[in-house]
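The values are calculated or read from the model by the stated rules, or taken from the named source; none is laboratory data. This structure is a prediction, so every number in the text was calculated from the model and none was measured. Reconstructed Cβ throughout: ideal geometry from the backbone, glycine too, with neighbour counts over all protein chains shown. In case anyone asks, the SASA skips ligands and DNA or RNA and just uses the protein heavy atoms, side chains included. Shrake-Rupley method; radii C 1.70, N 1.55, O 1.52, S 1.80 Å.
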Amino acid sequence: MNKPILIRKILLYRRFYGKYVRRILSPSYIMHWFFASVLCGIVIFIAVFATDTEAILFKRAQMPLIELYDFDIYNANDTIVSSHAKGLKALRYADYEISYETILSLIQDTTRNNSATEYIYGQEVRRVQNTYFFDKGGIYAKDNGETFWSARASYDITTKIFSGSGRFWIASIEGSAEGKNIIYNQKLQTMNAQDVRAHIDLSASKGKK
């Protein structure tokens with residue numbers, strides 16, 4: 001390439017880009033760049049702050065409101081003790097409670113001469129409103145000797161329905177039974193289950209009559 005032509009092209013490039021650079025570095029453009037950088041900084045700050053706030057709220061939701069250890073709690077009214085809870089540890093969250101190695105006694109009737117007690121035990125018991133969940137196995141028993149166990153279970157203290165998922169067994173004075181997926185209604189004294197195998201002591205049944 002001819003040197004004069006090459007020099008001319010270089011001068012033209014320098015003149016063009018020089019004007020462009022001077023325009024960008026002019027005071028008006030510097031103010032634009034300043035406000036643009038401030039805006040970007042605000043957006044980044046809001047994004048980081050929102051993420052941190054969400055993380056803090058999530059951690060707070062996972063933190064218990066109340067912690068109890070080796071607890072022994074009675075609930076009573078004017079005439080009778082209606083419930084008694086005893087366990088190793090209990091945690092109360094905003095939406096549910098969870099306790100460990102818990103025995104719960106519930107008094108069904110308020111009459112002194114005719115009161116019946118229900119017993120609930122679970123290695124890990126989770127309570128949501130009026131329902132207890134036994135994700136690691138639960139035992140439900142009555143003071144007449146009837147005992148229910150299920151691999152996973154729930155018990156609604158309002159409807160008095162014990163629902164078991166998976167294997168279960170029952171023991172009473174009359175005999176025992178085992179099967180799957182039990183639903184026991186304490187109020188109606190009815191039971192539904194699958195694959196039930198029962199062992200009945202007829203002499204005990206006659207003696208009870």
Provide a single number: the residues in segment 80-96 that are open to solvent by less than 60 Å² (accessible area, probe 1.4 Å), in contact with a Lys or Arg (Cβ under 9 Å, 6 or more places away or on another chain) and closer than 15 Å to GLY122 by Cβ. 0
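Among the residues of segment 142-161, which ones are surrounded by fewer than 19 Cβ atoms within 10 Å (Cβ to Cβ) and either part of a strand (DSSP E or B) or touching a helix residue (DSSP H, G or I) at 6+ places or on another chain (Cβ under 6 Å) (or both)?
Within segment 142-161, LYS142, THR147, ALA151, ARG152, SER154, ASP156, ILE161 meet the criteria.
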How many residues of segment 103-129 are assigned to a strand (DSSP E or B), of a type in the set (Val, Ile, Thr) and either at pLDDT below 90 or surrounded by fewer than 18 Cβ atoms within 10 Å (Cβ to Cβ) (or both)? The answer is 5
Is it the case that some residue within segment 130-141 is surrounded by fewer than 16 Cβ atoms within 10 Å (Cβ to Cβ), closer than 26 Å to ASP70 by Cα and either under 28 Å from the mean Cα position of the chain (by Cα) or of a type outside the set (A, V, I, L, M) (or both)? yes
Give me the pairs, please: first residue somewhere in segment 162-178 and more than 23 Å from ASP135 (Cβ to Cβ), second residue anywhere and open to solvent by 60 Å² or more (accessible area, probe 1.4 Å) and assigned to a loop (DSSP other than H, G, I, E, B), beta-carbon distance under 6 Å, and either six or more positions apart or on two chains. GLU174/ASP201; GLY175/ASP201
